[in-house]
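Notes follow once the structure below has been shown.
The values are calculated or read from the model by the stated rules, or taken from the named source; none is laboratory data. All of these numbers come straight from a predicted model, not from anything done at the bench. FYI the Cβ positions are ideal-geometry reconstructions off the backbone, even for glycines, and counts take in every protein chain you see. In case anyone asks, the SASA skips ligands and DNA or RNA and just uses the protein heavy atoms, side chains included. Shrake-Rupley method; radii C 1.70, N 1.55, O 1.52, S 1.80 Å.
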Amino acid sequence: MPDTPIISVVICTHNRAPLLEKAIESVRRQTLNPAAYEIIVVDNASTDGTAELLKNYADDSRIRPLSETVIGLSRARNTGWQKARGTYIGYLDDDAVADEDWLKSALWCFENVTPAPDGLGGLIRLEWETARPDWMTDELSGALGHVDWGPVPRRLVPGEKIVGANCFFSRRRLAELRGFDEQLGRKRRCLLSGEETFLQQRVEAAGG
């Protein structure tokens with residue numbers, strides 16, 4: 001394996017320490033060779049126990065905590081890829097849990113799909129804390145982050161959008177396009193989104 005990781009997983013977080021721990025642990029349990037990936041946790045001005053939680057991982061050389069004091073999800077995501085060492089950047093939300101084959105599947109797509117993709121998106125299942133409402137259809141649950149384009153790797157078609165909870169981009173393309181638009185993305189109580197969709201559109205417009 002190379003000395004530098006192939007994939008850099010970026011988890012951006014703000015005041016979600018209990019959920020963050022589950023996200024980190026799910027990435028540590030990946031079936032991909034541990035030498036092939038690193039985990040970058042961008043603490044976006046948290047005031048809870050996030051800093052203390054990250055100290056618990058001081059002995060794991062794969063985990064690199066970063067601090068971004070300017071509030072904003074897009075800002076934190078850009079900080080992550082700019083400091084990443086991997087060829088590919090994977091984004092996982094701090095309230096998400098990755099399947100154990102998540103990274104292995106993504107790397108397979110980058111290395112085997114022709115022409116090579118500049119971005120990937122994948123399945124996102126919702127974990128309900130109470131019974132799912134009868135009226136909540138799969139179509140409506142898309143507003144909550146649910147994504148399912150089927151089990152076979154394929155090109156996205158118009159109308160299918162990459163969702164930030166589970167996505168990958170080549171670092172080369174992120175650098176070329178200067179990453180996420182920091183005018184978009186969540187900032188404290190502002191829930192303005194669409195930064196992933198805008199980036200996807202820019203990648204496609206650039207030939208990706």
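Let's test the formula: R0 of 25 Å, r as the Cβ-Cβ distance of Trp135 and Glu160. What FRET efficiency results, to the nearest 0.05?
Working: r = 24 Å, r/R0 = 0.96.
E(calc), rounded to 0.05, equals 0.55.
Hey, of (i) -0.33, -0.41, -1.12; (ii) -0.38, -0.47, -1.16; (iii) -0.40, -0.48, -0.98, which did the structure itself give for log10 I(q)/I(0) by the Debye sum over Cα atoms at q = 0.09, 0.10, 0.16 Å⁻¹ when calculated?
(i)
Tell me, what ³J(HN,Hα) does each residue in the stretch 101-109 have, in order and in whole Hz, if you take phi through Karplus 6.51 cos²θ - 1.76 cosθ + 1.60 with θ = phi - 60° and put x for Gly and Pro?
Values, residue by residue: 9, 3, 6, 4, 5, 5, 5, 4, 4 Hz.
For the stretch 152-165, in order, what is each residue's ³J(HN,Hα) by Karplus, 6.51 cos²θ - 1.76 cosθ + 1.60 with θ = phi - 60°, in whole Hz (x at glycine and Pro)?
Each residue of the stretch 152-165 in turn: 9, x, 7, 6, 6, 10, x, x, 8, 10, 5, 10, x, 5 Hz.
How big is the charge dipole of the stretch 41-142 about its Cα centre, in debye rounded to the nearest 20, if each Lys and Arg gets +1 on its Cβ and each Asp and Glu gets -1 on its Cβ?
580
So in the chain, what percent of DSSP beta bridges are antiparallel if you round to the nearest 5?
40
Taking the highest mean first, how do the peptides 64-71, 150-157 order by number of other beta carbon atoms within 10 angstrom per residue? Don't skip to the end; give the middle numbers.
Working: 64-71: 15.2, 150-157: 9.0.
Result, highest mean first: 64-71, 150-157.
Skipping prolines and chain starts, which residues have an amide H placed within reach, meaning under 5 Å, of the one on Cys167, given they are 5 or more residues away or on another chain?
Amide H to amide H, under 5 Å and 5 or more residues apart or across chains, Cys167 pairs with Tyr91.
Counting only Cα atoms, I'd like the Rg/Rh figure for the stretch 13-133, Kirkwood definition for Rh. Please report the intermediate quantities before stating the final value.
Numbers: Rg = 15.1 Å, Rh = 15.6 Å.
For the stretch 13-133, the value is 0.97.
Using a probe of 1.4 angstrom, how much of the accessible area of the stretch 27-124 is carbon and sulfur, in percent? Mind dumping the intermediate values first?
Values: 2200 of 4540 Å².
Percent of accessible area from carbon and sulfur atoms in the stretch 27-124: 48.
With runs of 4+ DSSP H residues as the only contributors, calculate the mean residue ellipticity of the chain at 222 nm using -39,500 (n - 2.57) per run, divided by the residue total and rounded to the nearest 500.
Details: 7 runs with 62 residues, N = 208.
Computed mean residue ellipticity for the chain: -8500 deg cm²/dmol.
In debye, nearest 20: dipole of the stretch 71-208 around its Cα centre with unit charges on the Cβ of K, R (+) and D, E (-)? Present the calculation step by step, with values, prior to reporting the outcome.
Details: 19 positive and 21 negative charges, 161 e Å.
With Lys and Arg at +1 and Asp and Glu at -1, about 780 debye.
Protein chains only, probe 1.4 Å: how do Thr197, Thr130, Thr13 rank by accessible area, largest first?
Numbers: Thr197 30, Thr130 105, Thr13 5 Å².
So, going from the largest accessible area down, we get Thr130, Thr197, Thr13.
Averaged per residue, what accessible area in Å² does the chain show with a 1.4 Å probe, protein chains only?
Details: 11660 Å² over 208 residues.
That works out to 56 Å² for each residue.
Which percent of the accessible area of the stretch 140-208 is formed by carbon and sulfur heavy atoms (probe 1.4 angstrom)? Provide the component values of the computation, followed by the final result.
Details: 2320 of 4300 Å².
Ligands and nucleic acids excluded, carbon and sulfur reach 54 percent.
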